[in-house]
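The values are calculated or read from the model by the stated rules, or taken from the named source; none is laboratory data. Keep in mind the model is a prediction, meaning the values are calculated, not measured. Side chains included, ligands, DNA and RNA excluded: accessible areas come from the protein's heavy atoms. Shrake-Rupley method; radii C 1.70, N 1.55, O 1.52, S 1.80 Å.
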Amino acid sequence: MPLHRLHAEQKKFDRTFLSSLNFDESGVEINRLTLVFHKLCDNNSNQLSREHFRDFLSTIFDLNDETIVERLFILIGQGEKTLSLKQFLSAINLLLYASIDEQIKLIFRVYDVSADGNLQREELFTFLRKDLPIMNEKEDADLILHEFITLIFKKFDKDHDGVISFDDYHRTCQENSTLMQCFGQVLPRVFRKHVVKSMLNGNLSIISKREKYFK
């Protein structure tokens, strides 16, 4: 991205970071996202709070799973309580432009709560339990969910060692990309990505609360 098209604040970023971003070469997207970031920050703090980040992802990307959004915040912020502009741009870049391999890596890291490189049954239970429909009193929801997870493991656990390693997950998603987010929506749907890109480039006006970020 040509540096002369960026604002002074963005020119402080090193070239390695800038080259890692996939925003348009005109600089329109990154400039507008910088303005959005400052609108989201409290009292000119230049730091984005967890609450405002969560609201932004819900409003703009329709990502509403609190557990997953919290995991995204932790991973992007590297454990800090707020996000910097650089971290915010990295997050939006991933949500909009990540390659298939980058998507698989990010989603796996979100699911891997223990950060041990493997998905355990207990981790998957945490993600799936809250989405289980309310059932008849005679039905054991937890038992049904455990049976479902067993079926999922048969699909993903390629080496049959009782856990889903990143290699297991990567291979399965390459074979069937529809399984990539089967434990919860981490990335926005394709249509929503197109909408956000259009708003960033000023090509689409939507009469809703989303407009407050892009005016």
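Under 1.5 on a/c is rounded, so check that first for the stretch 53-92, then, if it is not, pick prolate when a/b is larger than b/c and oblate when it is not; a ≥ b ≥ c are the square roots of the alpha carbon gyration tensor eigenvalues.
Here the stretch 53-92 falls in the oblate category.
Past the 25 Å Cα-Cα mark, which pairs from K158/K197; K155/K197; K81/K155; K105/K154; K12/K105; K12/K193? Walk me through the intermediate numbers first.
Values: K158/K197 37 Å; K155/K197 34 Å; K81/K155 37 Å; K105/K154 21 Å; K12/K105 28 Å; K12/K193 28 Å.
From the list (K158/K197; K155/K197; K81/K155; K105/K154; K12/K105; K12/K193), the Cα-Cα distance tops 25 Å for K158/K197; K155/K197; K81/K155; K12/K105; K12/K193.
Compute the accessible area per residue over the stretch 100-179, keeping the other protein chains in place, probe 1.4 Å, unit Å².
With all protein chains present, the stretch 100-179 gives 62 Å² per residue.
Three principal axis extents, largest first, for the C-alpha atoms of the stretch 100-179, in Å?
42, 24, 22
Run the numbers on the stretch 100-179 and let me know its relative contact order in percent, using alpha-carbon pairs under 8 Å that are six or more apart. Walk me through the intermediate numbers first.
On the way: 60 pairs, mean separation 25.1, N = 80.
Relative contact order here is 31 percent.
Apply the Karplus parameterisation 6.51 cos²θ - 1.76 cosθ + 1.60, with θ equal to phi minus 60°, to every residue of the stretch 120-128 and state each ³J(HN,Hα) to the nearest whole Hz, in sequence, with x for glycine and proline.
Along the stretch 120-128, the couplings run 8, 4, 5, 5, 5, 4, 4, 6, 8 Hz.
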